[in-house]
Amino acid sequence: MFYVYLIKSIRYPEQRYIGMTDDLQQRLKDHNAGRSLHTSKYKPWVLINYIAFSSKDAAAEFEQYLKSGSGQAFANKHFWK
């Protein structure tokens, strides 16, 4: 499975991150251990939501959509509550 996930910083709640992985538990551990350049300064992180896909391509397309303008509006309405 491939996962598109949404995480939010606990210390800096305005900081959000959307990513994709095939190992969700390990990826969250990596974010919280500071192993990601983009998220290390805002740790610790909490998982807000994830969506599972059987196809890597479908997951990548959905991740890119969530990072677009209309995708951000969709995520704000449905996932970031």
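The values are calculated or read from the model by the stated rules, or taken from the named source; none is laboratory data. Please read all numbers here as calculations on a predicted model, not as lab measurements. Neighbour counts are summed over all protein chains in view; Cβ atoms, including those assigned to glycine, are modelled from backbone coordinates with ideal geometry.
Before we move on, is residue 34 within 14 Å of the chain's Cα centre (by Cα) and either surrounded by fewer than 13 Cβ atoms within 10 Å (Cβ to Cβ) or not acidic (Asp, Glu) (or both)? It is false that residue 34 is within 14 Å of the chain's Cα centre (by Cα) and either surrounded by fewer than 13 Cβ atoms within 10 Å (Cβ to Cβ) or not acidic (Asp, Glu) (or both).
In the stretch 8-23, which residues are surrounded by 17 or more Cβ atoms within 10 Å (Cβ to Cβ) and farther than 13 Å from residue 63 by Cβ? Working first, answer last.
So in the stretch 8-23, the residues surrounded by 17 or more Cβ atoms within 10 Å (Cβ to Cβ) come out as 8-9, 16, 18-21.
Once the filter is applied, which keeps residues that are surrounded by 17 or more Cβ atoms within 10 Å (Cβ to Cβ) and farther than 13 Å from residue 63 by Cβ, the stretch 8-23 yields 8, 9, 16.
Looking only at residues in the stretch 39-81 that are in a helix (DSSP H, G or I) and hydroxyl-bearing (Ser, Thr, Tyr), which one is surrounded by the fewest Cβ atoms within 10 Å (Cβ to Cβ)? Break it down stepwise before answering.
Step one: list which residues in the stretch 39-81 are in a helix (DSSP H, G or I), which gives 40-42, 56-67, 69-78.
The next check asks that each one be hydroxyl-bearing (Ser, Thr, Tyr); those that pass are 40, 42, 65, 70.
Values: 40: 13, 42: 21, 65: 15, 70: 9.
The qualifying residue surrounded by the fewest Cβ atoms within 10 Å (Cβ to Cβ) is 70.
Scan the stretch 58-75 residue by residue and report those that are over 13 Å from the mean Cα position of the chain (by Cα) and either among the charged types (D, E, K, R) or at pLDDT below 95 (or both). 61, the sole residue that qualifies.
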